[in-house]
1. Would you list the strands (runs of 3 or more DSSP E) that sit entirely within the range A:454-545 and hold 1 or more residues that are of a type in the set (V, I, T) and closer than 23 Å to A:R398 by Cα?
2. Condition test on B:R76, is it at the interface with another protein chain (Cβ under 8 Å from one of its Cβ atoms), more than 16 Å from ligand 2 (Cβ to nearest atom) and crowded, with 24+ Cβ neighbours inside 10 Å?
3. Return the residue satisfying two criteria in turn: it lies in the range A:204-248 and is out of contact with any strand residue (DSSP E or B) (no Cβ under 8 Å at 6 or more places or on another chain) and acidic (D, E), and of such residues it is nearest to A:S385 (Cα to Cα).
4. Looking at the range A:443-453, which of its residues are assigned to a loop (DSSP other than H, G, I, E, B) and either touching a residue at least 60 places away in the same chain (Cβ under 8 Å) or over 22 Å from B:A77 (Cβ atoms) (or both)?
5. I need the full set of residues from the range B:51-68 which are within 7 Å of another protein chain (Cβ to nearest Cβ), in contact with a Phe, Trp or Tyr (Cβ under 7 Å, 6 or more places away or on another chain) and of a type outside the set (S, T, N, Q), in order please.
6. Quick one: how many residues across the range A:144-166 are of a type in the set (S, T, N, Q), in a loop (DSSP other than H, G, I, E, B) and in contact (Cβ under 8 Å) with a residue 40 or more places away in the chain?
7. Quick check on this structure: which one of B:R195, B:R189 is open to solvent by 10 Å² or more (accessible area, probe 1.4 Å), part of a loop (DSSP other than H, G, I, E, B) and away from ligand 1 (no atom under 16 Å from the Cβ)?
8. Please count how many residues of the range A:265-282 are free of Cβ contacts under 8 Å to residues at least 40 places away in the same chain and away from chain B (no Cβ under 12 Å).
Amino acid sequence: MTSQSPSQGGTTPRQRVEAAIIRLAGDSGDGIQLTGSRMSETSALAGNDVATLPDYPAEIRAPAGTLPGVSGFQLQFASKSVLTPGDQADALVAFNPAALRVNLSGLKQGGILIVNSDAFDANNLRKAGYDHSPLEGHELEGFRVYPVGITSITRQALEQTDLSLRAKDRCKNFFALGMLYWLYSRPLEPTLEWLRRKFASQPELAEANEKVLRAGYNYAETARIFQTVYEVAHAPLPAGLYRSLDGNEAIALALAAVAHQSGLQVFLGSYPITPASTVLHRAGRLKAHGVATFQAEDEIAAVGAALGASFAGALGVTSTSGPGLALKGEMLGLAVMMELPLLVICVQRGGPSTGLPTKTEQADLDIALHGRHGECPMPVLAAASPGDCFHMVFEAARLAIRHMTPVILLSDGYIANGAEPFRVPAPEDLPPIPVHFHTDPETFRGAYVRDAATGARPWVRPGTPGLEHRVGGLEKDAQGAVSYDPENHEQMVRARAAKIEGIESDIPPASLEEGEAEDDLLIVGWGSTWGAITQATRELRQQGLKVSSLHLRYLQPLPGGLGEILEQHSGRILLPELNRGQLREVLSARYGVTIEGLQKVQGQPFRVSEIKARARKMLEETR
Amino acid sequence: MSSDPVPTYKKKDFSSGLEVRWCPGCGDYSILNAVQTAFAAMGVPRENFVIVSGIGCSSRFPYYMDTYGIHGVHGRAPTLATGIKLARPELDVWVVTGDGDGLAIGGNHLIHAMRRNVGLKILMFNNRIYGLTKGQYSPTSEQGKVTASTPLGSIDPPFQPLSVALGAGATFVARTADRFGKHLQEMIRRAACHRGAAFIEVLQNCNIFNNGAWGQITGKQERIDNVVYLEQGQPLRFGEEGRRALILEECGQPRAVEWNDGGDPRLIVHDETRPEPSMAFLLSHLAPPEFPLPLGVLRDVPAPAFEDLHHEQIRRAEQSESNDLAELLAGPSTWTIE
Ligand SMILES: Cc1ncc(C[n+]2csc(CCOP(=O)(O)OP(=O)(O)O)c2C)c(N)n1
Ligand code: SF4
Ligand SMILES: [Mg+2]
């Protein structure tokens, strides 16, 4: 046992560090996610750059004390730019033996380990599969271990209150948070303010949690258990107004921004599914901002209602995850035939079927690109980070409206739940989204007479006199009449495809994110791997290696110039994906280039070190 | 929307002019005829109608009407229609579906549209068969039905569409038949006046795959004993010169008896406005040979329409909450980096 003894005399020495990675772990009922998000927001408010990784089980309250019931939250905050929650943690708080067992391998050698010693009883040890207490064995050697009776001290701190024992115990996460705040020199005020807001109608709870938070802070200070206090200075982020934001919140806010900039009613039809549900939850509070929501009886009804709303002249939106996207497939065929704007947001999770519902994956790319019947192309976009979700929703809506087409936007569990500082855009800086409804019968030549520039058909709101018309699944001719003519069908299939391909000229061309064209290795990515890939590329370049990176936000159509860049690097391209190589196959087939994949399908995002290791290996092999 | 006075329409103003492609003799023709006539008389601007259908012979309906329309996805018309009605409650949204479209593949959406009381007027063309796919049995086919897909006879018992509707909480439920043009028009008119979801079962003959399925109801001679017309406040009389009537025995069992000048206290007097749906449910289950089939409005009760509640919430939010986008995007806690 390498338990740390209190520091002697004087004040605790302070040490300035560039970044800190903290991992919290406990039962799913221990309030881990909440503690993590408080720590994140406090760090963001302190001016750090922050990235988070909530990692929770599929069960709401999995059996207490068991390994599958462990809920985790990792965050990195830094005085430099951070793009990932970090690989190995500098500090781990384990609320019970199971949490320790599951997370110990994620703690750096020499790292700080705070454990709730009250939870290390025979019963919990057995449930975690320990035959003895690790606090008494050798396995924790090499870590700085701080056993603290978190439960008992929390109860003591709340002795004078009328709360039930259960309610008191539920405050213990704030004790740990208080300790961390002291250890990392964070202010208490933002959390206290949050408590007052959150428990406005239950002041006794606000008070109890405040007591416990202060108790944890004071305990760390007066018991002097830590040898060092850490400080992380603020990060050199671009000037502006910032808030902390996760990907799903970003999506909801973007819907309000779209309503504002287009003047359209946004209509979100959705059916709850992890990890997309919070889009519906948050959008449900945006009624005053032009966003209406409808919880449908299933995903088919959700997309059907959204498409109906678009026909009626609103912007239909539907949010889901993989299983829901599968259910929506047939209606997306109709949307492609009806050529109406529609936004389909798929927050990916581990699949197939229920798979790993609370974990992240990028395996719905294939279904997004190809998973429909018939010749059924539609644009597919992917967000790169929590904040990028805001911009990509906005962009997806713009394309859907301008080109009269359904658009799929892919996000995933990692960026849906992960939070980062987000530079708040001023409404006046957002581009307008022009909308044109055709109203004049004199100039109306048919429901499928296309705009010469975009290939889009006219959008007509029902209620417009003289423009009554029918659309639907059967093939139509340009005038909008049902047509079984073979030539017409082929012509329409080609026209619909050409319209989507033409979007290439309406999106930014491919360009390197990091590095230069002559570099020895190009790392290509899409979606949420952006953070890990960019970070890995930067670190490799700092070490003098010639590595560049390119990130794809548009997957259909692919951006212009991509083929040339890939051909230039053929054989020296690495494409990390959280799937078995779905984009790699698309790009290899399309451009005939040789790409090496880095595959990971574990429900977890890439670590920076994994990408760096593979990149180094490739550089050695090609040398 | 135009604020001009509503033009007076003729039936042909609602015809899209597209060549109608149903089989000659199909019951769908008379339904089309009745709907065009009824719409022309409704005093609603033509551009305010939206007709949404699924897939099936019946679901070709919107193409033949000169209104806004969607020929949708098999079974999913209520979903599209719900989105339209929520986005634009001022539109008159009609759904045309078949017994397969509405009760097999789309059963889920149908019941939820009625449970929510969305202001959709739903016409279900019940020919007790899948017409478009060439004659398989449907959820309303009688047990033992021999069809292309059931050479030894179907083994599952059928739904009564009206019972399903009532079970789902429908606030307006009626039944009529393709052959009874005037009655059909009257039911359409009544449905249009109802706020909230209205469900009409239209008995329809598919003369190709299920000819005469409703012969017992629509036949000139047969209908006398096999149909009872529901009239508000009237006892349920039927048969030659109304010589028979329906009573409810004390145990709750309905029975057909001789009419004896209305003297029987057990006579069922029709009241479509009864808030409690069990009498309507009982009527929805009556069928020949034991009973006459009720035609008319089984239920018409007031209840808040879904779209009204939906917009009421929006209105309340608009009144009580800020709509400042900058404030929303910033959220409750921000910091500034210089
Ligand atoms: C997803 C899907 N499955 C099956 C079909 C084939 N299909 C078309 S219409 C139909 C049945 C229609 O029966 P009904 O609703 O009673 O309409 P009717 O033709 O009798 O008017 C079927 C099975 C389809 N179009 N789509
Ligand atoms: S198959 Fe039957 S329902 Fe279909 S059009 Fe012919 S007669 Fe009418
Ligand atoms: Mg049918």
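1. Details: elements: A:470-472, A:512-514, A:521-526.
Where strands (runs of 3 or more DSSP E) fall fully within the range A:454-545 and carry at least 1 residues being of a type in the set (V, I, T) and closer than 23 Å to A:R398 by Cα, they are A:470-472.
2. Numbers: at the interface with another protein chain (Cβ under 8 Å from one of its Cβ atoms): yes; more than 16 Å from ligand 2 (Cβ to nearest atom): yes; crowded, with 24+ Cβ neighbours inside 10 Å: yes.
In short, yes.
3. The selected residue is A:E210.
4. Quick first cut of the range A:443-453, residues assigned to a loop (DSSP other than H, G, I, E, B) only: A:444-453.
Residues satisfying the conditions are A:F444, A:R445, A:G446, A:Y448, A:V449, A:R450, A:D451, A:A452, A:A453.
5. Scanning the range B:51-68 gives B:D66, B:Y68.
6. Within the range A:144-166, the subset of a type in the set (S, T, N, Q) is A:151-152, A:154, A:156, A:160-161, A:164.
Restricting the remaining residues to those that are in a loop (DSSP other than H, G, I, E, B) gives A:160-161, A:164.
Those left that are additionally in contact (Cβ under 8 Å) with a residue 40 or more places away in the chain: A:161.
Residues meeting the conditions: 1.
7. Numbers: B:R189 fails: part of a loop (DSSP other than H, G, I, E, B).
After applying the criteria, what remains is B:R195.
8. Pass one, the range A:265-282, residues free of Cβ contacts under 8 Å to residues at least 40 places away in the same chain: A:272, A:277, A:280-282.
Okay, now just the ones that are also away from chain B (no Cβ under 12 Å), so A:272, A:277, A:280-281.
Of the residues in that region, 4 qualify.
The values are calculated or read from the model by the stated rules, or taken from the named source; none is laboratory data. What you are looking at is a predicted structure, and each value in this text was computed from that prediction instead of being measured. Here Cβ is always computed from backbone atoms with ideal geometry, including for glycine, and neighbour counts include all displayed protein chains. Note: accessible area is taken over every heavy atom of the protein model, side chains too, but ligands, DNA and RNA are not part of it. Shrake-Rupley method; radii C 1.70, N 1.55, O 1.52, S 1.80 Å.
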